[in-house]
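One structure is given below, encoded as structure tokens.
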Amino acid sequence: MSEITPIGFVCPKCKRPLRSVNNALFCKECDRTYPIADGIPDFLSQASLAPSTLHIAKTMDFVAPIYESRFFISVLTKLSGVSGGLRLFDRIASFHSETLKGITGSVLDVACGPATYSRRLASPSRNVYGIDVSMGVLRQGMTYVVRDGVLGVYLARSRVEELPFENAVFDGGICSGSLHLFPDTVLSLREIARTMKPGAPLSVQTFVAGTTLINRFVQKRSWLHIFELSKLQQYLMEAGFEEFQPKLEGIVLTFSARKSIR
Ligand SMILES: [Zn+2]
């Protein structure tokens, strides 16, 4: 049993509390009903997604069953240009663990996929709230959570630009392999910052410019971002973060930052 009281989802539009009605969440203010499927609230059932976001959601729906397979992870590790024994996901997981060391309470996992890191980071003293645009990966994640009896993982389908959480509820946040996919980086980071407590750490993994296959793929798509470190630091500051600490290997950038104390 988790020792932490779960935080409730709020309406992503008006940020007011929701009422449970017939396996759905209802916002009286907006007169909107958000269905819950397989224990996963769907805040995007009535939303129109940007074409690029829709494309990502469909791709992830397709990839969901093999996302955590040894084969898929090996391919990703190779394409990312990281060397050494540890596979990409293990490296990212250890970076997140290190950044969130000592953090208890509630942690946000933006673009959580099949709860790959949420499951590892959840503990009796730490609940993790994963959001993603793909119902396919969320369902897959919920299957793993149930299979392994992981406690303290909550999943919801939501966009990063409209998170279904109140202001300043999270003690930490993570985001893996997705920051470069968000159409508006500052807007996305600002919304993440809104939900985090002052001083809370953010742990991110994304990609930077390079010559690997992934980069060549990325460079052909104008809606994907390839970050320059100085630009990224500027985005973070604009969005309300400080203490940017990047770490680069191959084209894999991991960095930590902290929600500004204001
Ligand atoms: Zn509402």
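Rule-based calculations on the coordinates, nothing more; no lab input. Keep in mind the model is a prediction, meaning the values are calculated, not measured. Cβ coordinates were reconstructed from backbone atoms using ideal geometry, including for glycine residues, and neighbour counts include every protein chain displayed.
Dipole size of the chain about its Cα centre, with +1 on Lys/Arg Cβ and -1 on Asp/Glu Cβ: approximately 180 debye, rounded to the nearest 20. Between residue 123 and residue 168, the modelled labels are 2.6 nm apart [label points 7 Å from Cα along Cα→Cβ].
Cβ crowding within 10 Å, taken as a proxy for footprinting-reagent exposure, orders 131, 261, 66 from fewest neighbours to most as 261, 66, 131. In the Gaussian network model of the chain, springs joining C-alpha atoms below 10 Å, which of 47, 64, 111 carries the largest mean-square fluctuation? Largest GNM mean-square fluctuation: 47. The distance from the alpha carbon centre of the range 87-122 to that of the range 60-80 is 18 Å, rounded to a whole number. Here the extension length gained between residue 190 and residue 19 equals 58.9 nm, from 0.36 nm per residue of separation less the Cα-Cα distance. When you work out D = kT/(6 pi eta Rh) for the range 1-148 at 20 °C and 1.002 mPa s, using the Kirkwood radius from C-alpha pairs as Rh and the Stokes-Einstein form, the result is 126 µm²/s. Principal axis extents of the Cα atoms in the chain, from largest to smallest and rounded to whole angstrom, are 51, 42, 38.
Calculated over the range 118-172, the projected area of the Cα convex hull averaged across directions stands at 4.0 nm². Compute the signed sum of charges (Lys and Arg +1, Asp and Glu -1) over the other residues within less than 10 Å, Cβ to Cβ, of residue 202. The answer is +1.
Listing 181, 76, 155 from fewest to most neighbouring C-beta atoms within 10 Å gives 76, 181, 155.
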